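Asks: The structure under discussion is supplied below as structure tokens; questions concerning it will follow.
No value in this document is a laboratory result; all are computed from the given coordinates. This structure is a prediction, so every number in the text was calculated from the model and none was measured. All Cβ positions, even for glycine, are placed from backbone atoms using ideal geometry, and neighbour counts span all protein chains on display.
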């Protein structure tokens with residue numbers, strides 16, 4: 001009986017040591033060498049960041065031009081905190097879907113308010129103004145280049 005209890009105690013200690021080692025291994029930070037051994041699919045899923053989004057302020061259709069692939073173009077003005085952005089979106093026919101919290105794409109341009117109009121932060125020659133009818137007016141170096149009809 002004494003021998004049986006002694007073996008049981010040793011088995012318990014050995015099992016506990018294995019569990020502690022397994023827990024420590026699972027919770028410790030991975031080294032660069034360990035990371036190289038991981039599944040590349042899992043790494044891609046972890047590094048994928050969610051799109052930045054903001055609040056839709058308005059949307060306007062540019063009836064004068066189309067994208068390279070023949071789609072219609074509209075512009076969204078988005079606010080995020082105290083910043084504003086303008087970005088082009090494309091659609092086919094009358095099938096335009098707008099989102100209350102659209103993603104701010106890498107092609108979005110930050111704009112800042114200057115009186116009654118907005119100016120591109122990156123390209124100060126580009127400016128935007130909403131007229132009394134709600135249309136978006138696009139200017140390049142002070143010259144009107146497009147009038148976009150208000151959608152929202």
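Asks: Based on other C-beta atoms within 10 Å, arrange 75, 139 from fewest to most. Could you put the intermediate results ahead of the total?
Replies: Numbers: 75 19, 139 16.
Fewest-to-most ranking of 75, 139: 139, 75.
Asks: Rank the residues 91, 118 as a footprinting-exposure proxy: fewest other Cβ atoms within 10 Å of their Cβ go first.
Replies: Numbers: 91 15, 118 21.
Least to most surrounded, the residues fall as 91, 118.
Asks: As a footprinting exposure proxy, order 122, 76 by other Cβ within 10 Å, with the fewest listed first.
Replies: Least crowded to most crowded, the residues run 122, 76.
Asks: Could you give the radius of gyration (one decimal) and Dmax (whole number) of the Cα atoms in segment 55-150, in Å?
Replies: When restricted to Cα atoms, segment 55-150 yields Rg and Dmax of 12.8, 36 Å.
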